[in-house]
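I have placed the structure first, in the form of structure tokens, so that the comments after it can refer back to it.
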Amino acid sequence: MRKLVETCITAFSWIALFLLIAALFTLIAYLVQKGASSIELGLFFGDTSPLDALMLKRQVFDGLFPAIAGTLFLIIGSMLIAIPIGVAGGVYLAEYCRGKMKPLFNLTFDILAGVPSIVVGLAGLLLTIVLNRHFPGQIAPCLLLSCCCLALLVLPYLIRTTQTALESIDPLIRKTAPALGASRLQNITQVLLPHSINDIVSGIILATGRCAEDTAVIMLTGVVATAGFPRSLFGQYEALPFYIYYISSQYTGPDELAQGFGAAIILLLLCIGLLALALWIQRRFTSFLLFR
Amino acid sequence: MIVNTNIKIQTHSLCFYYYKQKVLRDISLQLPANKITAITGPSGSGKSTLLMAFNRLWEEIEGCKISGNVFMNLNGQNTNIYAPALPVLELRRKVGMVFQQPNPLPMSISKNIAFPLRLAHISNKNLISDSVEASLRKVSLWEEVKDRLNDDARLLSGGQQQRLCLARALVLSPEVLLLDEPTSSLDPEASAAIEELLLSLKTKCTLVMVSHYQDQIQRIADRHVKVLNGQCSINHRQA
């Protein structure tokens, strides 16, 4: 009887794994089949010459180049805001916060993690409306606002991963530096954070993916269908997920639909590229922090 | 207060609490200078806690509380180590500690030894490399590692790692060395090497060692403190 149960559980695990991987490959194969034909230089730059577009001499209006740039800027901007705050928050919760405040903060961040992205977007929109009342005509939905809202969206992940990484460090390693005369800050910066950098970077990778794919937040805070290459933090911009969403609901012919699938492939490749970059940084960073 | 230069550490009705639990009860001890004092007792009797009371390391653990006093003869002065004015980091540089498991940090051998110096903001490179060499010589590790000081310290054998940790604790020339079962994760040969080292360190510092091994205590300890249910009894031995 026990053996039968064990066999069933093993079989179920295998099937689950197979389904998951099959789903992933079906998705990728479908995307490639539908969109591969559209992937050519024209998809990126339209009628503009690629060199002119890359040098920012001429704007691209019928290609994906501005959307790719917009998505990259979104990711960089929101990460620049979210990483310092998230890691600092995690360090505070794990190392400094004591007593009754801790469960309260934990609950708060759990609630924040559960807020749907559309609500975060609405909050950003509301902020612009309120600000607009005080500075009429000067505040409008823009790249910076989107970055702030996306940062707010991913902050709980970063705080939690940093906190969990720090709290799961072996007590012996935790005691090593203080026993040698390290202050609490020295212990955190020279031993505890380097020790947990792998877990923290994993959290950052997840958060980056979330920033790259989120549509609801940016839809309400500044993304538009046509804006050209983002020139300012205070201007509107294009982004890949919004482009995909827009094309899927508004396409006029099979060519445009294929472009939408092409954009989906590009977004996927962008995420894979960022993941590879993050893993590379993870390796370099660990040795840099620990062996300097 | 009687100031006796032969007494290195004195505790006065020291009590230790972990949340509501009383781990140590009313401990009053006098530990002699330049001797090895062994602390024994069953698991969970508070031996390691007693050690941590001497370098205030328990302050890093949530839920710990202490009452009573600990006086230590530091820089030739009888000092209350729990006096609010006493900087705890200074105390921990004077009172080194070695743990049961070797705990080299994931960096090179020389950087491990130099780590406490860096924590103390010492940046003179010559001074650092001299201190690293001197420390490694003190624990007879220099000859074994002098050609690979830049290798990862975690690649050393268990016994070598423990000697490395001992060298790291010695690099700031502490006056007191606390050892929490320093040989229990090592094989007999490596243990013998550590024991020999501890004997040779007696001239420079006062050693307080938690140990489970009766034969080890017989071999190297000058004094034997038994902890049972948070209370102490002392066996004097003729060294």
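Since every read-out is calculated from the coordinates, none of them should be taken as a lab result. Note that this is a predicted model, so its numbers are computed, not measured. Quick reminder, even Gly has a Cβ in these numbers, built from the backbone with ideal geometry, and neighbours come from all protein chains shown.
Is the C-alpha gyration tensor of region A:28-75 telling us rounded, prolate or oblate? Criteria: a/c under 1.5 is rounded; beyond that, a/b larger than b/c is prolate, otherwise oblate. All intermediate terms of the calculation are to be shown ahead of the outcome.
Values: a/c = 3.28, a/b = 1.53, b/c = 2.15.
In terms of gyration-tensor shape, oblate.
Once you have the Kirkwood Rh of region B:104-239 from its Cα pairs, apply Stokes-Einstein at 20 °C and 1.002 mPa s and quote D in µm²/s. If you can, show how the numbers build up before the last one.
Details: Rh = 16.0 Å.
After rounding, the answer is 134 µm²/s.
If one takes the longest principal axis of the Cα atoms in chain A, at what angle in degrees, from 0 to 90 and to the nearest 10, does the Cα axis of helix A:117-134 lie?
80 degrees
Give the residue list of chymotrypsin sites (Phe, Trp or Tyr not before Pro) in region A:44-76 that are DSSP loop and have at most 16 other beta-carbon atoms within 10 angstrom.
On the way: sites: A:Phe44, A:Phe45, A:Phe61, A:Phe73; in loops: A:Phe61.
Here the sparse-neighbourhood loop sites are A:Phe61.
For region A:159-292, what value does the Rg/Rh ratio take when both radii are computed over Cα atoms and Rh is the Kirkwood radius, given to two decimals? Please report the intermediate quantities before stating the final value.
Working: Rg = 21.1 Å, Rh = 18.0 Å.
On the Cα set of region A:159-292, Rg over Rh gives 1.17.
Would you work out the Kirkwood radius for region B:1-110? I mean one over the mean of 1/r across all pairs of different Cα atoms, in Å. Don't jump to the answer; show the numbers that get you there.
On the way: mean 1/r = 0.0655 Å⁻¹.
For region B:1-110, the Kirkwood estimate is 15.3 Å.
Name the GluC sites (Glu not before Pro) in region B:1-89 that are in a loop by DSSP and that have at most 15 other C-beta atoms within 10 Å, would you? Mind dumping the intermediate values first?
On the way: sites: B:Glu59, B:Glu60, B:Glu62; in loops: B:Glu62.
Loop-located and lightly packed - B:Glu62.
By counting other Cβ atoms within 10 Å of each Cβ, how are B:Arg219, A:Arg2 ranked from fewest to most?
Working: B:Arg219 14, A:Arg2 6.
With the fewest neighbours first, B:Arg219, A:Arg2 line up as A:Arg2, B:Arg219.
Once you order the gyration tensor axes a ≥ b ≥ c over the Cα atoms, which shape class does region A:65-291 get: rounded for a/c under 1.5, otherwise prolate or oblate by comparing a/b with b/c?
On the way: a/c = 2.58, a/b = 1.72, b/c = 1.50.
Cα axes put region A:65-291 in the prolate bin.
Once the Cβ-Cβ distance between A:Lys57 and A:Ser232 is put in as r, and R0 is 25 Å, what FRET efficiency do you end up with, to the nearest 0.05? Let's see the in-between values first.
Details: r = 18 Å, r/R0 = 0.71.
Efficiency, from the Cβ-Cβ distance: 0.90.
Per the Kirkwood formula on distinct C-alpha pairs, the Rh of chain B is how many angstrom?
18.3 Å
If the only charges are +1 at each Lys and Arg Cβ and -1 at each Asp and Glu Cβ, what is the size of the charge dipole of region A:65-291 around the Cα centre, to the nearest 20 debye?
Values: 12 positive and 10 negative charges, 174 e Å.
Computed charge dipole of region A:65-291: roughly 840 debye.
Rounding to the nearest 10 and keeping the result within 0 to 90°, find how far the Cα-based axis of helix A:143-167 lies from the longest principal axis of chain A.
Helix A:143-167 sits at roughly 30 degrees to that axis.
Beyond 27 Å, what share of the Cα-Cα pairs of region A:1-137 remains, rounded to the nearest whole percent? List each step's numbers first, then the result.
Numbers: 5852 of 9316 pairs.
Result: 63 percent of Cα pairs exceed 27 Å.
With everything on Cα atoms, drop me the angle between helix B:109-119 and the longest principal axis of chain B, reported from 0 to 90° to the nearest 10.
Taking Cα atoms only, the helix is inclined about 50 degrees.
Can you give the convex hull volume of the alpha carbon atoms of the protein assembly as shown per residue, in Å³? Before the final figure, lay out the partial values.
Working: hull volume 130.0 nm³, N = 531.
Each residue corresponds to 245 Å³ of Cα convex hull volume.
What's the center-to-center distance, using Cα atoms, between region A:6-74 and region B:121-180 in Å?
With region A:6-74 and region B:121-180 each reduced to a Cα centre, they are spaced 53 Å.
Partner chain Cβ atoms within 10 Å, averaged over the residues of A:9-15 - can you pull that number for me? Before the final figure, lay out the partial values.
Working: counts 0, 0, 0, 0, 0, 0, 0.
Going residue by residue through A:9-15 and averaging, the value is 0.
Using θ = phi - 60° and the Karplus curve 6.51 cos²θ - 1.76 cosθ + 1.60, what whole-Hz ³J(HN,Hα) does each residue of region B:152-162 get, with Gly and Pro shown as x?
Those phi angles translate into 4, 5, 6, 7, 6, 6, x, x, 5, 4, 5 Hz.
Out of residues 5 or more away from B:Gln101 or on other chains, whose amide H comes under 5 Å of its own, with H placed 1.01 Å from N in the peptide plane?
none
Would you mind putting B:18-26, A:96-104 in packing order, based on average other-beta-carbon counts within 10 Å, highest first? Spell out each step's value before the answer.
Working: B:18-26: 14.8, A:96-104: 10.8.
Put in order of decreasing packing, that is B:18-26, A:96-104.
Just from its helices, what would the mean residue ellipticity at 222 nm be for the protein assembly as shown, if runs of 4 or more DSSP H residues each count -39500 (n - 2.57) and the sum is divided by every residue, rounded to the nearest 500 deg cm²/dmol?
Numbers: 21 runs with 296 residues, N = 531.
It comes out at -18000 deg cm²/dmol, rounded to the nearest 500.
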